[in-house]
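Here the structure is laid out as structure tokens; the discussion comes afterwards.
The values are calculated or read from the model by the stated rules, or taken from the named source; none is laboratory data. Keep in mind the model is a prediction, meaning the values are calculated, not measured. Neighbour counts are summed over all protein chains in view; Cβ atoms, including those assigned to glycine, are modelled from backbone coordinates with ideal geometry.
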Amino acid sequence: MTGGILDTAEVLRERFGHTAFREGQREAIDACIEGRDVVVVMPTGAGKSLCYQLPALALPGYVLVVSPLIALMKDQVDQLRAKGIVAATVHSGSTPDEKWGVAHDIEAGRLKILLVAPERFRLKRFVQFVRRFPPSRFIIDEAHCISQWGHDFRPDYRRLHEVTEILDGLPVAALTATATPDVRRDIAVQLRLREPLEILTGFDRPNLAFEVVPAPSKDDKLTVTEELLEGTEGVRLVYAASRRSVESLAEHLREHLDGDVAAYHAGLRDHERASVQDRFMSGELDVLVATNAFGMGVDKADIRMVLHYDMPGSLEAYYQEAGRAGRDGEPARCVLLQHGADYALQRFFLDGANPSPDLVQRLFRILSERCRPSTGDGPVIVRAADLKEPLGEKRDGAIDTALRMFRRFGLVDLRGDEYTLASEFPDRCPVPADELIEKRRRDEERLSRMWDYTRGGRECRFDRVRSYFVGKPGDPCGRCDVCAGGERERRTPTSAELERVQAVLRVVAELDFRFGPTKIVKILAGSRTTDLTDRGLDRLDGHGALRGAGEPFIRDLIRFLEDEGLLEREAFRSADGTRSGSLLGLTPAGTRLARGEITPELPPVPAPRSARSSRRGSSSRAAKKAAPVADVDSELYESLRGLRVELSDEHGRPAYTFFSNETLELLASDPPESREEFLTVKGLGEKRWDTFGERVLARIAQWRASRA
Ligand code: ADP
Ligand code: ZN
């Protein structure tokens, strides 16, 4: 096929200017040129693109590359052209002339690389074109997007197997930076690969030191971040979970750190983003605070620290971002802050991303009743927020997700933030319930692996990440905080420590393996919600034994006892498969300690953050009326809820039409201080600003004054 022996090493030198292949590249390139299907898993920056770029030059015709981001493809095309490789992209914004030019170059055999987004394959015309002028190879970049089990599923990737079916026998190369063994298997199945060669490299990063640093309270997060950033020289990249978190952290660091600090997130204008990225690449910036919108396609070799201010939802996401440190091979740090409330926040995102089969069914029924054949009145319009009441659902996150699923099946269409219904609905809901259940299970599993990673434990931090991807454990790295710190000092616990430990053990002993950690935490915190009172759990002796200590702390304490082998979990799954989780019980050692038969030596037992919560003065109220997300200030929450009641009375409309509980939580956890900030809060917009924006800010100002 290559017409004789091709010297790929020479092409590497002549066309790419590199002296040697990196690990895995030669194997991938050879297999691709031979026409074998391959799955290439290499960390970002390892040089995946070469694995198709070089074959593209070596083979006749063009290779077709699917890549998820149009913005990135334009850059890639520019870079390729700079190397003298004829490359192009077609996308929704291409002019007819541009498309015609590309078609012409393909027919003439000039084009070497064509980049497209997966949506392209929705268009029959494009599929027909590809059929008439088949590429030599089909390349799927960011291939983990094809798997529902991956952390970044893109429904349009699911279509790609149709292409391999139409073009029977077309060799495929799937490339990704993060794929667990499960996801690799799924990529091969979804793309119908034939005995693919799997190439997995670059997971040894001997210059990276992974660390987890505890930051129990929100204020700790700031001080710990400052200290860490001050303690490291060179370019530092900080990841935070939301735009607002990025903005306020960058603001804080500008005041407290020497050096240039900038912020980056998807809310900036194009030119602002480009300018921040340029300054970062040229080394002008010392610290960049960014959301995960930053990084794809960024290739800066000398990042000395990647600090995660907020915990991501999966190890896949974490490793992809952290792995951007130290690409030059010089020592670099990958630090993650451990903050209990981050778990609750991720849990909250997870619930929003995973509607229950029951909710999806009920939503389907409600919408099928509302839809009507097109009569000229125009389509029926619905909004997630308006469906909350008929569905009896408190938050709109899950409803939004369900509507987006319906969109995939053509039942609704999205216009702005409104959905229009199709004129006809099928008899049965097309979303398969077992897929929903399976996806939730995967997401929960991923989140719990991420959370486990942040916990103490005694296993090498880096090896936990590596074995997650590679599928088997290796040697301790010798550089992470666990390896470097060795065993924590153990001693006989103080009586106060022992009391805290006993409080947990007693409750768990009474309920041995009947409830999960979430309920145990609520019992210890003294919660009186119906899920406890209905079962009489509020009458247990240990109910409220750790009242006021804060749920994140109690959760920490439970994990500590698990790490010390005093508590253990048993996996549990409800008979109908809709719920899964774990049940908590005592180990034999835990039982003996609970009975007072032994007093083992322990590392320092976690202590509640009493000083802080009393300063905020909200801990006793928080216990009475626990707000759903940790770190929501309960006084502010109540005050804003009161405002909502006032608004409802004044306007004669239900309270939730002003703002949802989700928005209320967001307002109370990260209060806006200006109109601009107000407008960035999910669920708020210009109209709402006009109706009550100033009154929200006034309440927040009042609350701040009362704390000062
Ligand atoms: P990935 O797609 O895996 O994130 P890229 O393909 O963008 O990584 O490559 C990252 C960088 O490594 C690029 O600047 C590329 O030119 C460089 N590179 C790739 N292969 C080699 C090699 N064999 N020798 C030297 N540099 C290489
Ligand atoms: Zn280690």
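A few comments on the model shown:
- Candidates in segment 452-487 are the residues that are closer than 16 Å to Cys334 by Cα and of a type in the set (A, V, I, L, M, F, W, C); of these, the one that is farthest from ligand 2 (Cβ to nearest atom) is Val465.
- Among the numbered conditions (1) buried (at least 16 other Cβ atoms within 10 Å of the Cβ); (2) more than 18 Å from the chain's Cα centre (by Cα); (3) more than 20 Å from Gln346 (Cα to Cα), the only one that Arg269 does not meet is (1).
- Qualifying residue in segment 504-511 (condition: under 30 Å from Thr599 (Cα atoms), in a loop (DSSP other than H, G, I, E, B) and away from ligand 2 (no atom under 15 Å from the Cβ)): yes
- Test: residue in segment 486-509 that is away from ligand 1 (no atom under 16 Å from the Cβ) and under 30 Å from Gly202 (Cβ atoms): yes
- Candidate set from segment 161-189 (those that are closer than 26 Å to Glu321 by Cα and not hydrophobic (A, V, I, L, M, F, W, C)); member that is farthest from ligand 2 (Cβ to nearest atom): Asp186
- In this entry, Leu222 is excluded by the filter for residues that are over 19 Å from Ala332 (Cβ atoms) and in a loop (DSSP other than H, G, I, E, B).
- As a summary of the residue check, Asp186 satisfies the conditions (1) closer than 30 Å to Cys145 by Cβ; (2) among the charged types (D, E, K, R); (3) free of Cβ contacts under 8 Å to residues at least 60 places away in the same chain; (4) in contact with a strand residue (DSSP E or B) (Cβ under 7 Å, 6 or more places away or on another chain) except for the one numbered (4).
- Members of segment 250-287 found to be of a type in the set (Val, Ile, Thr) and farther than 24 Å from Leu679 by Cβ, listed by number: Val287
- Residue ID - farthest from ligand 2 (Cβ to nearest atom), chosen from residues in segment 51-74 that are within 25 Å of the chain's Cα centre (by Cα) and in a helix (DSSP H, G or I): Ile70
- When the residues of segment 75-102 are filtered to those that are in contact (Cβ under 8 Å) with a residue 24 or more places away in the chain and of a type in the set (S, T, N, Q), the one that is nearest to ligand 2 (Cβ to nearest atom) is Gln76.
- All conditions but one from (1) surrounded by 14 or more Cβ atoms within 10 Å (Cβ to Cβ); (2) more than 15 Å from ligand 1 (Cβ to nearest atom); (3) over 21 Å from Gly295 (Cβ atoms) apply to Glu34; the one that does not is (1).
- Scanning segment 371-401 for residues that are surrounded by fewer than 13 Cβ atoms within 10 Å (Cβ to Cβ) and either among the β-branched types (Val, Ile, Thr) or touching a Phe, Trp or Tyr at 6+ places or on another chain (Cβ under 9 Å) (or both) yields Thr375, Glu389.
- Flag if Thr19 is within 15 Å of ligand 1 (Cβ to nearest atom), among the hydroxyl-bearing types (Ser, Thr, Tyr), touching a residue at least 40 places away in the same chain (Cβ under 8 Å) and assigned by TED's automatic domain parsing to the domain that holds Thr176: no
To keep it simple, each residue is scored yes or no on (1) in contact with a Gly (Cβ under 9 Å, 6 or more places away or on another chain); (2) of a type in the set (D, E, K, R).
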position: Leu268; (1), (2): no, no
position: His271; (1), (2): no, no
position: Val276; (1), (2): no, no
position: Ser282; (1), (2): no, no
position: Asp286; (1), (2): yes, yes
position: Val289; (1), (2): no, no
position: Val306; (1), (2): yes, no
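- Residue ranges of strands (runs of 3 or more DSSP E) in segment 102-201 with at least 2 members crowded, with 22+ Cβ neighbours inside 10 Å and outside the structural domain of Tyr319 (by TED's automatic domain parsing): 113-116, 137-140, 172-176
- Looking only at segment 223-266, and only at residues there that are modelled with pLDDT of 90 or more and of a type in the set (Asp, Glu), the one that is surrounded by the fewest Cβ atoms within 10 Å (Cβ to Cβ): Glu255
- Residues of segment 651-681 satisfying the condition of being within 22 Å of Pro390 (Cα to Cα) and either more than 33 Å from the chain's Cα centre (by Cα) or in a loop (DSSP other than H, G, I, E, B) (or both): His651, Gly652, Arg653, Pro654, Phe658, Phe659, Ser660
- Filtering Lys48, Lys99 for residues that are in contact with a strand residue (DSSP E or B) (Cβ under 7 Å, 6 or more places away or on another chain), under 27 Å from Phe126 (Cα atoms) and either within 14 Å of ligand 1 (Cβ to nearest atom) or outside any loop (DSSP other than H, G, I, E, B) (or both) leaves a single hit, Lys48.
- Checked against the criterion of being away from ligand 2 (no atom under 16 Å from the Cβ), within 21 Å of Ala594 (Cβ to Cβ) and out of contact with any helix residue (DSSP H, G or I) (no Cβ under 6 Å at 6 or more places or on another chain), segment 528-537 has no qualifying residue.
- Yes/no for Asp377 being over 21 Å from Pro430 (Cβ atoms) and at pLDDT 85 or above: no
- Matching residues in segment 683-705 - criterion: being free of Cβ contacts under 8 Å to residues at least 40 places away in the same chain and either surrounded by fewer than 14 Cβ atoms within 10 Å (Cβ to Cβ) or in the same structural domain as Ser242 (by TED's automatic domain parsing) (or both): Gly685, Glu686, Lys687, Asp690, Glu694, Ala698, Ala701, Arg704, Ala705
- Residue check for Arg514: charged (D, E, K, R), assigned by TED's automatic domain parsing to the domain that holds Leu586, more than 16 Å from ligand 2 (Cβ to nearest atom) and touching a helix residue (DSSP H, G or I) at 6+ places or on another chain (Cβ under 7 Å): no
Let's see how each residue does on (1) more than 30 Å from the chain's Cα centre (by Cα); (2) surrounded by fewer than 20 Cβ atoms within 10 Å (Cβ to Cβ):
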{"residue": "Val482", "(1), (2)": "no, no"}
{"residue": "Thr494", "(1), (2)": "yes, yes"}
{"residue": "Gly516", "(1), (2)": "no, yes"}
{"residue": "Lys519", "(1), (2)": "no, no"}
{"residue": "Asp531", "(1), (2)": "no, yes"}
{"residue": "Arg535", "(1), (2)": "yes, yes"}
{"residue": "Leu540", "(1), (2)": "yes, yes"}
{"residue": "Gly548", "(1), (2)": "yes, yes"}
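- Sole residue being within 25 Å of the chain's Cα centre (by Cα) and either at pLDDT below 80 or assigned to a helix (DSSP H, G or I) (or both), chosen from Arg500, Arg555: Arg555
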